[in-house]
Amino acid sequence: MSNKKTIDIQKITNPFEKDILKLLEEKEKYVYGDIIKDLKLSATKGQESILSLIKRGFIKHVDQSSYLKLNVNIK
């Protein structure tokens, strides 16, 4: 059993953050720039949303790469 915390995606109010979490739930890991490109976010919105999710511990970098992955379970 993983010791990741579980978050309720319905409680995420930022639609960009919600989309990023859903994308990372579908794919195990994703390149930082591709998240922004594939979700058609502006660079600024994408970066702000990704940094916010990293700061809150919801997503994290895979080792020292530019890949990101979920750091929580989503319900």
- prompt: For the chain, what does -39500 (n - 2.57) per DSSP helix run (n ≥ 4), summed and divided by total residues, give at 222 nm, in deg cm²/dmol to the nearest 500?
  reply: -13000 deg cm²/dmol
field: Reachable lysines from residue 40, criterion Cα separation under 25 angstrom, eight or more residues apart if same chain
entry: 11, 18, 22, 27, 29, 55, 60, 69, 75
message: Charges at C-beta only: +1 for Lys and Arg, -1 for Asp and Glu. How large is the resulting dipole of the chain about its Cα centre, in Debye rounded to 20?
response: 220
message: Probe of 1.4 angstrom, ligands and nucleic acids ignored: what's the accessible area per residue over the chain, in square angstrom?
response: 67
- request: Report, to the nearest whole %, how much of the accessible area of the chain belongs to carbon and sulfur atoms, 1.4 Å probe, protein only.
  value: 49
- prompt: The list [x] 15.4; [y] 12.3; [z] 13.5 gives values of Kirkwood radius over Cα pairs in Å, and only one came from this structure; which label was calculated from it?
  reply: [y]
message: Give me the one-decimal nm value for the distance between modelled label points at residue 14 and residue 26, 7 Å along each residue's Cα-to-Cβ direction.
response: 2.1
field: Residue-span extension gain [residue 4 to residue 51] - 0.36 nm each, minus C-alpha spacing
entry: 15.0 nm
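The values are calculated or read from the model by the stated rules, or taken from the named source; none is laboratory data. Nothing here was measured: the structure is a model prediction, and the numbers come from that model. All Cβ positions, even for glycine, are placed from backbone atoms using ideal geometry, and neighbour counts span all protein chains on display. Areas reflect the complete protein model, heavy atoms only, side chains present, ligands, DNA and RNA absent. Shrake-Rupley method; radii C 1.70, N 1.55, O 1.52, S 1.80 Å.
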